[in-house]
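Below is one structure, written out as structure tokens, with a few remarks after it.
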Amino acid sequence: MATGKIYTGVFLIALAMLLLELLLTRIWSVTMWYHFAFVAVSLAMFGMTGGALLVYLLPKFFPTEKTRLHLCLSALLFGIATVFCFLCHLAIPFMPDKSLSGIFAMALTYIVVAIPFTFSGIAITLALTRFSKQINYIYAADLAGAAFGCLLFLFILNFVDGPTAILFAGFLPVLAAIFLAPDKVLRNKAIITAVCIGSLCVLNAWSFSLNKPLVRLLWVKAAFETRPFFERWNSLSRISIDGNPKYHFAHPDWRFSKQLSENDKMKDMLLSVDSLYATGMPCFTGNYQDTEYLKHDVSFVTHYIRPNAKVLIIGVGGGRDILAALTFQQKSILAVEINSIFTDILTKTFADLSGRFALNPSVTLINDEARSFASRQKDKFDIIQLSFISTGTATGTGAYALSENSLYTSECWQMLLNHLTENGVLTCTRDYFLDKAKKPLPGELHRLISLARSALERDGIPNPQEHMICITQIPKSPIIEGLAGVTLLISKQPFSQQDVAILDKVVADNGFHYLLKPGFVADPIFQTLASGQGVAQLQEKFPTRIDAPSDDNPFFFYILRFQKLFGVTATDVGTYVTYTKAMEVLFELLVVVLMLTAGCFLLPLALTNKSLQLRRDLPLLLYFAAVGLGFMFIEVSQLQRLVIFLGHPTYSLSVVLFSLLLSSSIGSLLSAFVERKFPNRSSAAMLACLGLLLGTTATYMVISPQVLLSLGSATTAERIAASVAILFPLGLFMGMAVPFGLSLASKKSPSIMPWLWAINGATSVCASVVTVAVSINWGLSCSFWTGVACYLVAFVAFFASSRLSNQE
């Protein structure tokens, strides 16, 4: 009989489990690379499946009469292993190469991080399968704990660093062990362990505030990291500065220049984002003659043709775009930055060192997600600027999505065009690569032009090429061979002869080059992309995607097509190796998780003798596999989709995950009511609820796009409320599926319940990877409807299993 202490213990274990999963994604984006973080989390989650299989394969080791003891021990070991294995991970350099030592280091890392999840898997499996009369309530506690773990993740990194948050995640299951302890002796041991881990957590938080943490990251991107001078964490990133900022400066062309002169080491302070990407914070002296160099940067050519402008800057970073607008003496500057660490650096932490330019009266600095913020604005702007905005780090959604970006879609750019004045200009600056003959490679540049054309066409503009100008700056000594910068200008009105004449002079004076302007194209390919005529035929010649990303497929940076994945390199297609490597890793991970999922089906068959029962229980196995796949297909696709609607990744994480998990928890409680209300016709009632689930998911996909579209200019609070309202019925019925299946299994085949739970877990992890692959190639809608199809299979399997049960 489960008691309140059991429910509390399960709640805390599930809370710690999801919190740990999300925290590790954030930390691994720093210590590894974000795509390896995605791999590590996926494989670590198989640890939970391994725990469930252990309970099934070793029934003598987990006897029913010792369930409470093993619940307590597994929770206690979950907490201890979290701390110990994390310390081991910090000490292991992650070397992503194909040498024997590199493969061993990666394998060791993946194994180490899976250990805590194995103990959590044992605990949850024991709780769900040994208290069959309270399955609904225990599963509800499990889902509610996961929901609040998601919510806790959003706030904890605003107060402590990543390693301290991991220590706190290790404290929670030990706290659960106190509630689950069957006797006073074990309870006292759990209390002592909780005091030790809790003390370490507090001590590390205090020492981090002094910039001398006891537990810190040692190996970052395969290199030993010295103690940073400055370090701050949140759910979006870790921002750090190495060494003393008085000496950590770079030339204004640090993005392209290899060599710095002593006289130039006073311009930009480098801020490291997840120890991979860097942004420069100008150190303004108060004299605008010292910032004249910004007038020779291709990123800011728009200011020449739109003086005295109202400027909207999307993505502030270190504030270089703000200082450039001030240098050009623009009328007003509204700058939007999603990462609060950057806004704090510019206005508080290093305000004096930066020259306080972000506090200029003509500058308004906003901490918000740019797309949702811009869509709510009633004002129109003369210039809207996006410079080097990328998503190369794992945000809170990183455990569930490889990397989407809602700013590079045709719907977003159409919205931005509608927020321009009549002669306003949207400008976007990106990197691109040249081949040895100095010709542009088919990387982001080609897709950027297609994106501009698509946005203009959506706005009803018939001749997009007359509304586009593309200018490139080719550095003499780039950091990466072939790297260049390109700025694309897009206007609602055709560019005037005066605009072109001004830019002609700027291009000539600074050694820039035109790639595209009214009446001129440097390459016939640009003509095709800008006009849109013959793009489909052109696509067949390229291994990369040159179509415009949309809200249904917001993966701008993943330009390499799956069918061309192998046999080409990043250099061949003109993109960063990070993005092509991510696609390769996704494919490799897909193969691995499919093999591991197959192993969850086959291993128990090989190690046990249950062939006769299997024939009878095959519908149940299929049911739990389909439910695991369906839940994750829908959850992950909506997590990716609502990032676009809600804007902020943390809003998406909190609203989608929290709403679905919490409503699913309530659905699990309601499933108990259904079974009590219809004791003699419980199978028919369960089938009716599963039918309602199918109807709800289909209705959701038909209605939700129109609802979200109608709320394009709503406030953040209104968007959150609308998202919760449309997600809640979905989660309510999805939460009933697992309790219904376990209830049927407890009556029909109680001995295989741990195996069924393991299959559900394995297919869930598998689906989280497959969904990303499907979304990148065929869109988020396809992923969602695949989830609906999985629930249809589950409905048929449940019907077949219940009929077999009635016949017996």
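The values are calculated or read from the model by the stated rules, or taken from the named source; none is laboratory data. The structure displayed is predicted, hence computed values, not measured ones. No Cβ is skipped: glycine too gets one built from the backbone with ideal geometry, and neighbour counts run over all protein chains shown. Please note that ligands, DNA and RNA were not included when accessible areas were found on the heavy atoms of the full protein model with its side chains. Shrake-Rupley method; radii C 1.70, N 1.55, O 1.52, S 1.80 Å.
List of remarks:
- Test: residue in the range 26-35 that is under 30 Å from the mean Cα position of the chain (by Cα), buried (at least 17 other Cβ atoms within 10 Å of the Cβ) and not in a helix (DSSP H, G or I): yes
- Qualifying position, being in contact (Cβ under 8 Å) with a residue 12 or more places away in the chain, more than 26 Å from the chain's Cα centre (by Cα) and open to solvent by 20 Å² or more (accessible area, probe 1.4 Å), among Leu154, Leu214: Leu214
- Checking Leu77, Leu22, Leu18, Leu43 one by one, the residue that is free of Cβ contacts under 8 Å to residues at least 60 places away in the same chain, in a helix (DSSP H, G or I) and under 30 Å from Pro93 (Cβ atoms) is Leu77 and no other.
- Asp161, sole failed condition from (1) within 30 Å of Lys221 (Cβ to Cβ); (2) open to solvent by 10 Å² or more (accessible area, probe 1.4 Å); (3) acidic (Asp, Glu): (2)
- Hits in the range 464-495 - residues which are out of contact with any strand residue (DSSP E or B) (no Cβ under 8 Å at 6 or more places or on another chain) and either under 18 Å from Gly424 (Cβ atoms) or small (Gly, Ala, Ser) (or both): Pro464, Glu466, Ser477, Pro494
- Residue in the range 526-563 that is most open to solvent (accessible area, probe 1.4 Å), counting only those that are of a type in the set (S, T, N, Q) and within 15 Å of Ser410 (Cα to Cα): Ser550
Every residue, every condition in (1) open to solvent by less than 10 Å² (accessible area, probe 1.4 Å); (2) modelled with pLDDT of 85 or more; (3) in a helix (DSSP H, G or I), yes or no:
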{"residue": "Glu584", "(1), (2), (3)": "no, no, yes"}
{"residue": "Leu590", "(1), (2), (3)": "no, no, yes"}
{"residue": "Met595", "(1), (2), (3)": "no, yes, yes"}
{"residue": "Pro604", "(1), (2), (3)": "yes, yes, yes"}
{"residue": "Leu612", "(1), (2), (3)": "no, no, yes"}
{"residue": "Arg615", "(1), (2), (3)": "no, no, yes"}
{"residue": "Tyr623", "(1), (2), (3)": "yes, yes, yes"}
{"residue": "Gly628", "(1), (2), (3)": "yes, yes, yes"}
{"residue": "Leu639", "(1), (2), (3)": "yes, no, yes"}
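- Pairs linking a residue in the range 665-688 that is more than 15 Å from Val738 (Cβ to Cβ) to a residue that is open to solvent by 70 Å² or more (accessible area, probe 1.4 Å) and among the charged types (D, E, K, R), with Cβ atoms under 8 Å and 6 or more positions apart or on different chains, are Ala685/Lys677.
- Only one entry in Gln465, Gln473 is in contact (Cβ under 8 Å) with a residue 60 or more places away in the chain, more than 18 Å from Val301 (Cβ to Cβ) and polar (S, T, N, Q), namely Gln465.
- Residue count for the range 749-760 satisfying the condition of being open to solvent by less than 20 Å² (accessible area, probe 1.4 Å) and either at pLDDT 90 or above or not small (Gly, Ala, Ser) (or both): 8.
- Set side by side, the residues Phe61, Phe84 differ, and just one is without any contact (Cβ under 8 Å) to a residue 40 or more places away in the chain, open to solvent by 10 Å² or more (accessible area, probe 1.4 Å) and within 27 Å of Leu154 (Cβ to Cβ), which is Phe84.
- Restricted to the range 484-514, and to residues there that are closer than 20 Å to Pro464 by Cα and part of a strand (DSSP E or B), the residue that is most open to solvent (accessible area, probe 1.4 Å) is Tyr514.
- The residue list Ala190, Ala205, Ala222, Ala194 contains one member that is over 16 Å from Arg26 (Cα atoms) and either out of contact with any helix residue (DSSP H, G or I) (no Cβ under 7 Å at 6 or more places or on another chain) or modelled with pLDDT under 85 (or both), which is Ala222.
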